[in-house]
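Report on one structure; see the data block that follows.
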Amino acid sequence: MVVGFTYWLSTTEEHAGGGEGSHSEQSEEGGDSAGGEAEQIFAQNCASCHGENLGGGAGPALEAVGGTYSKDEILDIIKNGKGGGMPAGLIEGKEAELVATWLAEKK
Ligand code: HEC
């Protein structure tokens, strides 16, 4: 049963990959890929506290955080943490840059 199901999955994927290969490449390089990547990083590292839709939870809502902080200030919070609850250094380098840029646009 399990083997059959796995086989079904892999043949389906092969089929889709063969026919739609160029499509999936296109969507990766699509216009909003920077935002999409930042959103993904946020979902994996930040959403547990700040909410999937930036609505907040254990941490404050970040829906309008760009109105309070500049990109550099957000980058600083990501690097150094904030107050008692915001952990420092969850993401670094390019990932931190992407997320800070994306959040700074939330006004
Ligand atoms: C463990 C829970 C937790 C995680 C994970 C977390 N945060 Fe936070 N964050 C907080 C808390 C709590 C605060 C409020 C800190 C304070 O003001 O004392 C905060 C504050 C912030 C602030 C400032 C908001 C404001 O209005 O002052 C920003 C920006 C922020 N977090 C971004 C992020 C980003 C980006 C990530 C992912 C890399 C992240 N946080 C992950 C808990 C978390």
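What follows draws every value from the coordinates through simple rules; no lab data is involved. In this text, all values refer to a predicted model and were calculated from it rather than measured experimentally. Cβ sites come from the backbone with ideal geometry, for glycine too, and all protein chains shown count toward neighbours.
What to note about this one:
- The range 33-107: relative contact order as a whole-number percent, Cα under 8 Å and 6+ apart: 34
- Shape category assigned to the range 33-107 from the gyration tensor of Cα positions, a/c cut at 1.5: rounded
- Label-point separation, Thr101 to Asp72 (7 Å along Cα→Cβ), nm: 1.7
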